[in-house]
Amino acid sequence: IPFNSTRKRMSALVQGPDGKARILCKGADNIMFGLTGKDSFKRFAGGRPALDDCLQQFSRVGLRTLVLGRRDVSRSEKDKFLKAWRAAETATEDRKGRLAEAAALIERDFEIVGATAIEDRLQDGVPETIHDLARAGVKIWVLTGDKVETAINIAHACRLLDESMYVVRLDYE
């Protein structure tokens, strides 16, 4: 199930050599936490608060984070999903909506099994170009799907922000 900016996640339905099916998913923490089931954070000492703290620490240093989830899937659930997904893929009307409905059949009740934090560098020349545009008086706005802390860190790295500036945060969901 592919990633897109609305879903903020991607999933794969896999089948092991033993024939058992499992759904694996990676996505933005706010999305993944909304798709969890009972006892979803049992792998983490300290539970969700401990994981939230780690994600915030990663974001503060400019790392891009994703949360990983999984769930075992019964044969009947797998078959129901695959039938709905294939029908949605070939639909001539409301394909996008039908694909979302099919995904919702299986992307749920995840056990959170980990998180990733990676450096997401700007392409060569981008920080200098942004700095030059700002010096030329071009007004620059930033719209991002990142955590606010990550966006602020990147804005400092490309000299869009400096310590003398006052940052106004508009957070919403």
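The values are calculated or read from the model by the stated rules, or taken from the named source; none is laboratory data. Computed from a predicted model, the values in this text were never measured in an experiment. Cβ atoms come from the backbone with ideal geometry, glycine included; neighbour counts cover every protein chain shown. All accessible areas refer to the heavy atoms of the entire protein, side chains included, with ligands and DNA or RNA removed. Shrake-Rupley method; radii C 1.70, N 1.55, O 1.52, S 1.80 Å.
Remarks
- Boolean, Ile118 is at pLDDT below 90, within 18 Å of Arg9 (Cβ to Cβ) and under 15 Å from the mean Cα position of the chain (by Cα): yes
- Criterion (modelled with pLDDT under 85 and among the basic types (Lys, Arg)) met by exactly one of Arg60, Arg98, Arg86, Arg71: Arg60
- Every residue from the range 25-51 that is open to solvent by less than 30 Å² (accessible area, probe 1.4 Å) and either more than 23 Å from Ile118 (Cα to Cα) or outside any strand (DSSP E or B) (or both): Ala28, Asp29, Met32, Phe33, Gly37, Ser40, Gly47, Leu51
- Set Phe3, Phe58: member being assigned to a loop (DSSP other than H, G, I, E, B), open to solvent by 40 Å² or more (accessible area, probe 1.4 Å) and either in contact (Cβ under 8 Å) with a residue 24 or more places away in the chain or of a type in the set (A, V, I, L, M, F, W, C) (or both): Phe3
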